[in-house]
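One structure is given below, encoded as structure tokens.
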């Protein structure tokens with residue numbers, strides 16, 4: 001059931017390093033939103049909260065920039081309670097009520113489905129992700145949301161790029177804005193320009209009530225963890241390499257790749273031909 005709490009209140013006063021980091025995050029999120037036209041006039045943005053540092057920070061910043069944004073939009077926080085054993089059901093409702101944000105908690109036992117279908121020892125992320133995505137799309141339609149905001153950040157995008165390169169044979173990452181396959185939903189990633197380390201520091205300063213993911217967060221055999229470690233090691237050995245990799249996502253030169261659908265190699269001739 002949708003719960004409309006009291007009107008959204010401004011964030012409590014921040015000071016020192018917390019205020020400085022908050023200002024930086026607001027600037028980067030605002031830039032990403034503007035660069036990719038993520039939020040438009042009259043949008044109803046469904047902010048997906050997992051209980052992790054990234055989604056808490058995303059909601060925090062979107063609330064901060066809402067009052068001074070050049071367009072008017074609504075925010076509704078949504079959490080998918082997947083019925084993981086020991087999940088603290090009260091944490092997010094209590095937090096969002098105190099914050100004064102309209103919210104909805106959707107209860108679906110995807111945990112049992114994943115545990116039943118995925119053999120012990122194998123990674124659960126793929127199936128879990130598909131189940132969550134379908135539920136969130138349906139929920140967005142029910143709630144009248146025009147945009148679905150996910151908490152993926154800059155590091156997620158770089159890790160996904162390498163995962164696809166190394167294991168899927170595709171040159172793609174997580175786009176900051178995309179339309180669902182059925183064309184009915186628009187997904188946005190307002191944290192596209194934000195580094196994970198900054199989000200971790202901000203969560204610590206803001207003392208968010210973090211809820212760990214017992215379904216996939218404790219898996220040690222994830223390729224993504226290996227890729228994350230690889231990127232960290234590379235950036236330590238060659239400072240700035242991470243910045244260069246991220247910049248490459250927006251500087252694609254089709255003629256220097258091998259995709260014949262992106263560049264017309266067949267009709268390419270010498271100028272004198």
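Rule-based calculations on the coordinates, nothing more; no lab input. These numbers come from a predicted model, not from an experiment. Quick reminder, even Gly has a Cβ in these numbers, built from the backbone with ideal geometry, and neighbours come from all protein chains shown.
Remarks
- For the range 162-212: rounded, prolate or oblate by the Cα gyration tensor [a/c cutoff 1.5]: oblate
- Extension gain from residue 129 to residue 229, taking 0.36 nm per residue of separation minus the Cα-Cα distance: 33.8 nm
- Likely footprinting exposure, 108, 179, 189, fewest C-beta neighbours within 10 Å first: 179, 108, 189
- Among 47, 114, the ranking by other beta carbons within 10 Å of each residue's beta carbon, starting with the fewest, stands as 114, 47.
- Helical runs assigned H by DSSP (4 residues or longer) give the chain a calculated mean residue ellipticity at 222 nm of -13000 deg cm²/dmol, each run adding -39500 (n - 2.57) before division by the residue total.
- Degrees, to the nearest 10: 53-66 long Cα axis against longest axis of the chain: 80 degrees
- Relative contact order (%) - the chain, alpha-carbon pairs under 8 angstrom, separation at least six: 23 percent
- Taking other C-beta atoms within 10 Å as the exposure proxy, 267, 97, 110 rank 267, 97, 110 from fewest upward.
- Seen against the Cα atoms of the chain and their longest principal axis, helix 125-143 is set at about 60 degrees.
- Shape call, the range 131-273: gyration tensor on alpha carbons, a/c limit 1.5: oblate
- In terms of its Cα atoms, the chain spans 72, 49, 42 Å along the principal axes, sorted from long to short.
- Residue 262-residue 36 FRET efficiency (beta carbon distance; Förster radius 25 Å; 0.05 resolution): 0.75
- Helix 154-163 axis versus longest C-alpha principal axis of the chain: approximately 50°, rounded to the nearest ten.
- Anisotropy class of the range 23-182 from Cα gyration tensor, a/c 1.5 cut: oblate
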